[in-house]
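Participant: First the structure, which I've put down as C-alpha cells, then a few questions once you've had a look.
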Amino acid sequence: MESCCTWCHQSNESFAMPETPALQDPVRCPKCPRCHRSISLVGITSAAKVMNVSRKTIYRWIDKGLVTTCRTASGRQLVCYSSLFNGVTSTPDDR
C-alpha cells in the first residue's frame, strides 16, 4: 500500500471524490508542491458546503492541520480540495 502525500493527501489508490465545485476565479492547473500531482483549490465557503459543515469548522481543521491551504497573491485563503477527504476531517464532533 502506497502512502499518501502529506500536503494534498492524494495517493495512487483511486477512490470516488465528489466533483470539485466551480470557483469564481479558478486557479489554472495548480500542482502539489510536494508530489506534483494536479490539485484543485476551493474557497473556505465552498469547502464548508461540500463537507456540510460551518466555515468555523473548516478554520478549525486548518488550525489543527487536518486540511491544507495556500494563500493567493491577494491574500485569499484556498483549501486543497483533496485534503478535505483525508478521513480525519469527517469526525462528527468537529461539525
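Participant: Could you list all residues from the stretch 46-81 that are assigned to a loop (DSSP other than H, G, I, E, B) and in contact with a Leu (Cβ under 7 Å, 6 or more places away or on another chain)? Give the derivation first.
Facilitator: As a first pass, look at the stretch 46-81 and keep what is assigned to a loop (DSSP other than H, G, I, E, B): 52-54, 65-68, 72-76.
Selection gives Val67, Thr72.
Participant: Right, something else. May I ask you to list the residues in the stretch 51-77 that are more than 20 Å from Pro30 (Cα to Cα) and β-branched (Val, Ile, Thr)?
Facilitator: Scanning the stretch 51-77 gives Val53, Thr57, Ile58.
Participant: With respect to the numbered conditions (1) modelled with pLDDT under 90; (2) closer than 22 Å to Cys5 by Cα, which one is the sole condition not fulfilled by Ala73?
Facilitator: (2)
Participant: Based on this model, can you work out whether Ser14 counts as at pLDDT 75 or above and in a loop (DSSP other than H, G, I, E, B)? Give the derivation first.
Facilitator: On the way: at pLDDT 75 or above: no; in a loop (DSSP other than H, G, I, E, B): yes.
In short, no.
The values are calculated or read from the model by the stated rules, or taken from the named source; none is laboratory data. Keep in mind it's a predicted model, so treat the numbers as computed, not measured. As a convention, Cβ positions derive from the backbone with ideal geometry for all residues, glycine included, and neighbour counts pool all protein chains shown.
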